[in-house]
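Below is one structure, written out as structure tokens; the observations come after it.
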Amino acid sequence: MNMEAKHSEEIKNKRDIVMDLSDTETTAKICRALSSETRLEILKCLVAKSMTISELAEAFYLPMSSMCLHIKTLKEANLITVIPKPGMRGSQKLCGIKTANVSLDVFAHVSKITRKPPVFVNMPIGHYCNCEISPPCGIASAVSYLYYEDTPYGFYSPDRTDASLLWFTKGYLEYQFSNYSLLQDKPAQIEFSFEACSEAPGYNNNWPSDITFELNHKKVVTFLTKGDYGGRKGIYNPSWWSESNTQFGEYKKIHVTHHGCYMDNQKVSDETIESLGLLDNYYFSFILKVADDSQHIGGMNLFGKHFGDYAQDIVMKVEYENS
């Protein structure tokens, strides 16, 4: 390898340092290390080859104590590495260059945004607080049916909290979400995600259904699911679940902001976080329904984390405004 190629390879393996004004302590530490002509000359030597502290002290005609201070300053600024090297007279400290470029981005801090991490709240699909169900219907856990099919009684059983798949022809499920996470900072948007599809005997990939989503009993959107999907096994379906049944659904994401509600990046409602009253009281209601007056009464399957193609129940994600 020629010298130019070797030099390029060495530079490629070095880490660049980009300073900015959002971390003035680190930036000042680097600038302080570079503010000495002696330390700049030390860096120049280390670019040529690695050297021990004693070799550097000898080359610069400096006491070991002075050279140690220079090396400490350069190391704390992450400009060099210092590693032990066994020697004839005990361990020596070998110094090497760590970075190829040092720069200061004066405007970087302007574009840097500090934001509180989002909060995720999982709502198991069997933890509804109220429901009204019309058969055909059913309820199943990850290990078995929870009650006889086509009777609503199972929806009122204490075992319903283990549900991982629910299906019905008409009616609704109502959940109560605590709004504690919404009050920890100013929310920018609230996202709800779940997996759902229509409900037909067995399955029918062409079986449309209108499903309405409400918050605090205010309609947010009615969306159309195109079918009750089957023909291949749902990714997370348990082995005991028959392939002749519903297998998977459509993944839905609904965003509620201060400017409206959105689904698939399309605005679907002028309702907002404030107008829906999501910051009031201790909780708010979340409702999925197939209404009597729907154009397509094709029922609903709602999937939990042990069924379908998505390993989740109903998930609320709260994102906060920039601070």
Practice task
Give the ranking of D228, D150 by solvent-accessible surface, highest area first, calculated with a 1.4 Å probe.
Solution key: D150, D228
Problem - When the convex hull of its Cα atoms is projected in every direction, mean area for the stretch 215-313 (nm²) - result: 7.9
Exercise for the section: Output ³J(HN,Hα) for the stretch 171-183: one whole-Hz value per residue in order, computed from phi by the Karplus curve 6.51 cos²θ - 1.76 cosθ + 1.60 with θ = phi - 60°, and x for Gly and Pro. Expected result: x, 8, 10, 10, 10, 10, 9, 5, 9, 4, 5, 6, 9
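Suppose every K and R has +1 on its Cβ and every D and E has -1 on its Cβ; what is the size of the dipole of the stretch 149-297 about the Cα centre, in Debye to the nearest 20?
Working: 12 positive and 21 negative charges, 59 e Å.
With Lys and Arg at +1 and Asp and Glu at -1, about 280 debye.
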Problem - the chain: antiparallel DSSP beta bridges as a percent of all, rounded to 5 - result: 95
Practice task
Would you grab the residues whose amide H sits under 5 Å from the one on A188? Only those 5+ places off in sequence or on another chain, please, with H modelled 1.01 Å from N.
Solution key: E319, Y320, E321
Fill in the blank from the handout: Once the in-chain neighbours fewer than 8 apart are removed, the lysines whose Cα is under 18 Å from K85 read K49, K72, K75, K93, K98
Handout entry: Net +/- balance of residues flanking H296 in space, Cβ distance below 15 Å, scoring K and R +1, D and E -1
Key = -3
Practice task
Round to the nearest 10 and report in Å² the accessible area of H217, as given by a 1.4 Å probe over the protein chains' heavy atoms.
Solution key: 120
Completion exercise
Checked against the positive end of the charge dipole of the chain (+1 on Cβ of Lys and Arg, -1 on Cβ of Asp and Glu, about the Cα centre), the farthest of P135, G298, A311 is A311
Handout entry: Within a Gaussian network of the chain (alpha carbon springs, distance under 10 Å), most fluctuating of L46, L215, L279
Key = L46
Problem - Ellipticity estimate at 222 nm from DSSP helix runs (n ≥ 4, -39,500 (n - 2.57)) divided over the chain, nearest 500 - result: -5000 deg cm²/dmol
Completion exercise
To the nearest 20 debye, the chain has a Cα-centred charge dipole, built from +1 on Lys and Arg Cβ and -1 on Asp and Glu Cβ, of 1980
Handout entry: Binned Cα-Cα distances of the stretch 15-87, short to long, each 10 Å bin given as a whole percent
Key = 18, 52, 23, 6, 0
Problem - Reported label for calculated log10 I(q)/I(0) by the Debye sum over Cα atoms at q = 0.11, 0.14 Å⁻¹ given (1) -0.73, -0.99; (2) -0.80, -1.16; (3) -0.62, -1.06 - result: (1)
Fill in the blank from the handout: In degrees rounded to 10, the 0-90 angle between helix 3-12 Cα long axis and the longest Cα principal axis of the chain is 40
Fill in the blank from the handout: Karplus ³J(HN,Hα) for the stretch 151-158 (6.51 cos²θ - 1.76 cosθ + 1.60, θ = phi - 60°; Hz, whole; x = Gly/Pro) runs 9, x, 4, x, 6, 10, 7, x
Exercise for the section: Compare the Cα positions of L173, I235, L183 along the charge dipole of the stretch 147-273 (+1 at Cβ of Lys, Arg; -1 at Cβ of Asp, Glu; about the Cα centre) and return the one farthest towards the positive end. Expected result: L183
Completion exercise
With x for Gly and Pro, the residue-by-residue ³J(HN,Hα) of the stretch 286-303, computed from phi through the Karplus equation 6.51 cos²θ - 1.76 cosθ + 1.60 at θ = phi - 60° and given in whole Hz, is 10, 10, 10, 9, 10, 7, 4, 9, 5, 5, 10, 8, x, x, 8, 10, 10, 9
Completion exercise
Straight-line reach check, K253, cutoff 18 Å on alpha carbons, 8 or more apart in-chain or any other chain, hits among aspartates and glutamates -> E174, E191, E195, D210, E214, D264, D270, E271, D309, D313, E319
Exercise for the section: Compute the FRET efficiency between S103 and L69 as 1/(1 + (r/R0)^6), taking r as their Cβ-Cβ distance and R0 = 25 Å, and round to the nearest 0.05. Expected result: 0.45
Fill in the blank from the handout: If exposed means GluC sites (Glu not before Pro) lying in a DSSP loop and surrounded by at most 16 other beta carbons within 10 Å, then the longest stretch of the chain lacking such sites spans residues 1-148
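Considering only protein heavy atoms, with the full assembly of protein chains and a 1.4 angstrom probe, order L43, L183 by accessible area, largest first. If you can, show how the numbers build up before the last one.
Details: L43 25, L183 95 Å².
Correct descending sequence by accessible area is L183, L43.
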Practice task
Treating the angle as unsigned and between 0 and 90°, give the value, to the nearest 10°, between the Cα long axis of helix 24-34 and the longest Cα principal axis of the chain.
Solution key: 20
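The values are calculated or read from the model by the stated rules, or taken from the named source; none is laboratory data. Small disclaimer: the values here were computed from a predicted structure and weren't measured. Using ideal geometry, Cβ is built from the backbone for each residue, glycine included, and neighbour counts are taken over all protein chains shown. Please note that ligands, DNA and RNA were not included when accessible areas were found on the heavy atoms of the full protein model with its side chains. Shrake-Rupley method; radii C 1.70, N 1.55, O 1.52, S 1.80 Å.
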